Amino acid sequence: MNILILNGPNLNMIGIREPEVYGYKTYSDLEDYLNGLKSKYSIKLDIKQSNLEGILIDLLHYGNDRFDGVILNAGAFTHYSYALYDAIKSIQIPVVEVHLSDITKREEFRKISVIKDACVTSIMGLGFQSYEEGIKFLLKEGINK
C-alpha cells in the first residue's frame, strides 16, 4: 500500500508550539516515527507538510492517481476549510483524518471538524500513534484504488 501523509498548518512547529498540548517531540521526530512504520507494515509513505490550504488541496488532487489512501492532519483547517472538504470529496481514494490531540476536549471552536464527514474515519488524541492507527485502519479495511 502506498499512503500519502499530509500535515497542515503549524504542524512543522510541534515541539515548540504549545508543548503542554502537543508535547516536546518535533516535526522531525514525527517524520522519523512515520518512516519507521514503513518496514513494520510493508508500506510506502510520502510525507508532506504545508501551511497553505491551496497546496494541501493540490496534494490531495495529485494523490488521487498515485496513492491508495491519505492520512490527513489538517491542523486548524479542520475547523473551517470547506475547500479541503470539497477536495476530499472530489478524490476517489480514502482519507483518514488524524489529530495529535483530542479536538473534542479542546477549545469550543476546535471541537468541530468540517472535514470529518468527507473522511472514512477520524482518529485523535493519541499523539504520533494517531497516524499509526490511521495506517492500520487503511490496511485493515483493505482499502485500495
When the residues of region 104-124 are narrowed to those that are modelled with pLDDT of 95 or more and more than 23 Å from K44 (Cβ to Cβ), which ends up surrounded by the most Cβ atoms within 10 Å (Cβ to Cβ)? I115
Counting only residues that are farther than 25 Å from E20 by Cβ and either not in a helix (DSSP H, G or I) or not hydroxyl-bearing (S, T, Y) (or both), region 72-86 contains a total of 4
Every residue from region 6-28 that is at pLDDT below 80 and aromatic (F, W, Y): Y22
What number of residues in region 90-103 are without any contact (Cβ under 8 Å) to a residue 40 or more places away in the chain, surrounded by 13 or more Cβ atoms within 10 Å (Cβ to Cβ) and farther than 22 Å from K25 by Cβ? 2
Looking only at region 62-71, decide whether some residue is at pLDDT 95 or above and touching a Pro at 6+ places or on another chain (Cβ under 6 Å). yes
Just the residues that are touching a Gly at 6+ places or on another chain (Cβ under 7 Å) and free of Cβ contacts under 8 Å to residues at least 12 places away in the same chain, please, taken from region 17-50. Y24
Give me the pairs: first residue in region 119-135 and under 22 Å from S90 (Cβ atoms), second residue part of a helix (DSSP H, G or I) and at pLDDT 95 or above, beta-carbon distance under 6 Å, and six or more apart or on different chains, which are they? T121/F137; S122/K116
Report yes if I57 is touching a residue at least 12 places away in the same chain (Cβ under 8 Å) and in contact with a strand residue (DSSP E or B) (Cβ under 9 Å, 6 or more places away or on another chain), otherwise no. no
Taking region 87-110 and keeping only residues that are outside any loop (DSSP other than H, G, I, E, B), touching a helix residue (DSSP H, G or I) at 6+ places or on another chain (Cβ under 8 Å) and over 22 Å from F128 (Cβ atoms), one is left with A87, I88, K89, S90, F109
Residues satisfying the stated conditions in region 16-57, i.e. charged (D, E, K, R), in a helix (DSSP H, G or I) and more than 15 Å from the chain's Cα centre (by Cα): E20, D29, D32, K38, K40
Taking K38 as the residue in question, decide whether it is in contact with a Leu (Cβ under 6 Å, 6 or more places away or on another chain), surrounded by fewer than 16 Cβ atoms within 10 Å (Cβ to Cβ) and not aromatic (F, W, Y). yes
Test set (1) over 24 Å from G23 (Cβ atoms); (2) modelled with pLDDT under 95 - S101 fails condition number: (1)
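The values are calculated or read from the model by the stated rules, or taken from the named source; none is laboratory data. From a predicted model like this one, the values you see are computed outputs, not experimental measurements. We place every Cβ from the backbone using ideal geometry, glycine too, and count neighbours over all the protein chains shown.
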